[in-house]
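The values are calculated or read from the model by the stated rules, or taken from the named source; none is laboratory data. Not measured: the values here are computed from a predicted model. For neighbour counting, all protein chains shown are included, and Cβ atoms are generated from backbone atoms with ideal geometry for every residue, glycine included. Each accessible area value is taken on the protein alone, full model and side chains, heavy atoms only, with ligands, DNA and RNA left out. Shrake-Rupley method; radii C 1.70, N 1.55, O 1.52, S 1.80 Å.
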Amino acid sequence: MAAASSPDRLIIFDTTLRDGEQSPGASMTKEEKMRIARLLEKMKVDVIEAGFPASSNGDFEAVKAIANTIKDSTIAGLCRANDRDIQRGIDALKGAKSWRVHTFIATSALHMEKKLRMTPDQVFEQAKLSVRYARNACPDVEFSPEDGYRSDMDFLCRILEAVIKEGATTINVPDTVGYAVPELYGEFFKTLRTRIPNSDKAIWSAHCHNDLGMAVANSLAAVTMGGVRQVECTINGLGERAGNTSLEEIVMAVKTRKDFFKLETRIDASQIVPISRLVSQITGFVVQPNKAVVGANAFAHASGIHQDGVLKARDTYEIMRAEDVGWSANKIVLGKLSGRNAFRQRLEQLGISLDSETQLNESFAKFKDLADKKADIFDEDIQMLFADQHEADERYKLISMKQSSEMGESPQASVTLTEAGAEKHAAAQGSGPVDATFKAIESIAKSEAELVLYSVNAVTQGTDSQGEVTVRLARAGRIVNGVGADTDVIVASARAYVSALNKLFDKSERLNPQTSGTI
């Protein structure tokens, strides 16, 4: 569980399941959130912000399920500074072994006037009352002044001193719009902690957005210059607009430059790459190849001089070992004659949990089908088997498809789907085989959705690699991502489109959570 404040300990607060989910189309189901939460726990994240319980019944149930399941991390829920939100958070979280109510209200002049339409005195009183209400039920309360970095310093000191007096145990001052620069953000925390008389009664936390590409630098400046001992971050830097502080970059910076930071985290860094892949697969947000730590090229050396140096002594050009963050060339050598026990063991090593023997049998059958298509099965292939799991009551299911294309002729595609259990067929022409396939599917679904993203990524190396396709659809303000994988990229594309359609028509799916508020 999250450790108490210590001069040489940095608390890692992961908000992938809350702030990361605010990326357009990244809303997750309860089951998807649970898979990520289990791997976050395995990675030994101190605090997992599981969601925004008051935003929807679905998110309430997801937070509650995570709180009742995870034992080795503190589970937090975000709540606006009002009794209804906070009580909803308490009801969702109270079953956890360790839990935290995280409440917030805007404190910048711009937000108070234009968004809240409240006076500073009203905001001051609301903040105090909300922390008092939360503290009566929960011993661990975090308070965040939304748009805190752009707030008036005198007012911010006044309100933060008051909420600490009411019992707030963590004070998080977010750079909500990514406006800060490292030196000024570090000095900002130093000033707050110097001017607020009871600042030593709380743990100080940084929460940065990446609009100017400085979220990680700002967070680390807050740690070194401002005495911050909690950093709020997300896997892959996932988040609205340009994203949030990347967990993997914070952790590996502190670990690699321990000589400078002189801090420890309890993170098991070997789980970083596995959870990066899982989050990417579930949300449909592909990790850029040159992304630090988790990008496909993070430990690749194309230059001849670099290659020669690494072969002679790897620390000539590598400051981290790839295996320390979970990169591995290991492949699971299983085939048609392999047993289920070996398959089950590999799933456990990858942090994939199965709820029943039936699910194991179904997964093993998918593995055997893939083994018929590929000579070598890599860990990434195993994970992709679970990236586009389907529920039994989905509106659309892809039954079969075929397509043809030749130079000088219009590509054609025909598909067979079931729609609410009824089998339907359609054919269409397009500018390419994917376009023709999508038009055929759309002639059945008639969703009138806008295709706003189509992305293809090779899961592993080689021409027999599975293609991982992400499709993002938008309709009437609702944005969803669908992911599909197959050694045939056209089939993967069809699966991704159908997956997105199912989310679009699933009434239990959350609306774009950006409407719920943010810090």
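What are the semi-axes of the equivalent ellipsoid for the stretch 99-163, taken as the square roots of 5 times the Cα gyration tensor eigenvalues, largest first, in whole Å?
Details: eigenvalues 87, 24, 22 Å².
The three semi-axes for the stretch 99-163 are 21, 11, 10 Å.
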Exercise. Can you give the angle from 0 to 90° between the axis of helix 182-195 and the longest principal axis of the chain, with both taken from C-alpha atoms, to the nearest 10?
Worked result: 40 degrees
For this session: For each pair in Lys366/Lys397; Lys402/Lys439; Lys190/Lys262; Lys71/Lys291; Lys44/Lys368; Lys64/Lys97, compute the distance between the two Cα atoms and list the pairs where it is over 23 Å.
Result: Lys71/Lys291; Lys44/Lys368
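Just to confirm, what accessible area per residue do you get for the stretch 1-157 at 1.4 Å probe, in whole Å²? Show your work: numbers first, answer last.
Details: 5390 Å² over 157 residues.
On a per-residue basis, the stretch 1-157 sits at 34 Å².
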For this session: For every other residue with a beta carbon closer than 11 angstrom to the beta carbon of Ala474, add +1 if it is Lys or Arg and -1 if Asp or Glu, then tell me the sum.
Result: +1
Exercise. Which aspartates and glutamates does Lys165 reach when only Cα atoms under 16 Å apart count, and residues fewer than 8 places away in its own chain are ignored?
Worked result: Glu125, Asp140, Glu142, Asp200
Problem set entry | Accessible-area composition of the chain, carbon plus sulfur, in percent [1.4 Å probe] | 50 percent
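Using the eigenvalues of the Cα gyration tensor, what equivalent ellipsoid semi-axes result for the stretch 213-274 when each is taken as the square root of five times the eigenvalue, whole Å, largest first? Display every interim value, and only then the final one.
Working: eigenvalues 66, 51, 15 Å².
So the three semi-axes of the stretch 213-274 are 18, 16, 9 Å.
Helix-only estimate, please: 222 nm mean residue ellipticity of the chain, summing -39500 (n - 2.57) across DSSP H runs of length 4 or more and dividing by its residues, to the nearest 500. Walk me through the numbers before you get to the answer.
On the way: 16 runs with 192 residues, N = 519.
My calculation for the chain gives -11500 deg cm²/dmol from helical runs alone.
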Problem set entry | Ellipsoid equivalent to the stretch 154-224 - semi-axes via the Cα gyration tensor, in Å | 22, 11, 10
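Might you tell me the accessible area per residue for the stretch 163-210, computed with a 1.4 Å probe and given in Å²? Walk me through the numbers on the way to the answer.
Numbers: 1880 Å² over 48 residues.
Heavy-atom SASA per residue in the stretch 163-210 reads 39 Å².
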Exercise. Where does helix 489-505 land angle-wise versus the long Cα axis of the chain, in degrees 0 to 90, nearest 10?
Worked result: 50 degrees
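Work out the length of the dipole vector of the chain about its Cα centre, built from +1 on the beta-carbon of each Lys and Arg and -1 on the beta-carbon of each Asp and Glu, and round it to the nearest 20 debye. Please report the intermediate quantities before stating the final value.
On the way: 63 positive and 71 negative charges, 188 e Å.
It works out to roughly 900 debye.
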Exercise. For the stretch 45-90, what size does the Cα cloud have along each of its three principal axes, sorted from largest down, in whole Å?
Worked result: 29, 19, 12
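Filter the trypsin sites (Lys or Arg not before Pro) in the stretch 66-174 to those in DSSP coil with at most 14 other Cβ atoms within 10 Å of their Cβ, and list the result. It would help to have the intermediate numbers written out before the result.
Numbers: sites: Lys71, Arg80, Arg84, Arg88, Lys94, Lys97, Arg100, Lys114, Lys115, Arg117, Lys128, Arg132, Arg135, Arg150, Arg158, Lys165; in loops: Lys71, Lys94, Lys97, Arg117.
Passing both the DSSP loop test and the Cβ count: Lys71, Lys94, Lys97, Arg117.
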Exercise. Considering only His209, Ala50, Leu247, whose Cα is most displaced toward the positive end of the charge dipole of the chain, charges sitting on Cβ of Lys, Arg (+1) and Asp, Glu (-1)?
Worked result: Ala50
For this session: Take every DSSP beta bridge with both residues inside the chain and express the antiparallel ones as a percent of the total, to the nearest 5.
Result: 50 percent
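What is the magnitude of the charge dipole of the stretch 132-268 about its Cα centre, with +1 placed on the Cβ of each Lys and Arg, -1 on the Cβ of each Asp and Glu, and no other charges, expressed in debye to the nearest 20?
Details: 16 positive and 20 negative charges, 94 e Å.
Dipole about the Cα centre, nearest 20: 460 debye.
Take the Cα atoms of the chain, build their convex hull, and give its volume per residue in Å³.
Numbers: hull volume 83.5 nm³, N = 519.
Convex hull of Cα atoms, per residue: 161 Å³.
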Problem set entry | Charge dipole (debye, nearest 20) of the stretch 113-190; +1 at Cβ of Lys and Arg, -1 at Cβ of Asp and Glu | 260 debye
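Based on the Cα coordinates of the stretch 409-519, what is the per residue volume of their convex hull in Å³? Intermediate values should be presented prior to the final figure.
Working: hull volume 13.7 nm³, N = 111.
Normalising the Cα hull of the stretch 409-519 by residue number yields 124 Å³.
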For this session: Using DSSP to define loop residues, name the trypsin sites (Lys or Arg not before Pro) in the stretch 402-489 whose beta-carbon has at most 11 other beta-carbon atoms within 10 Å.
Result: Lys446
Exercise. Can you tell me the accessible area per residue over the stretch 394-451, all protein chains present, probe 1.4 angstrom, in square angstrom?
Worked result: 58 Å²
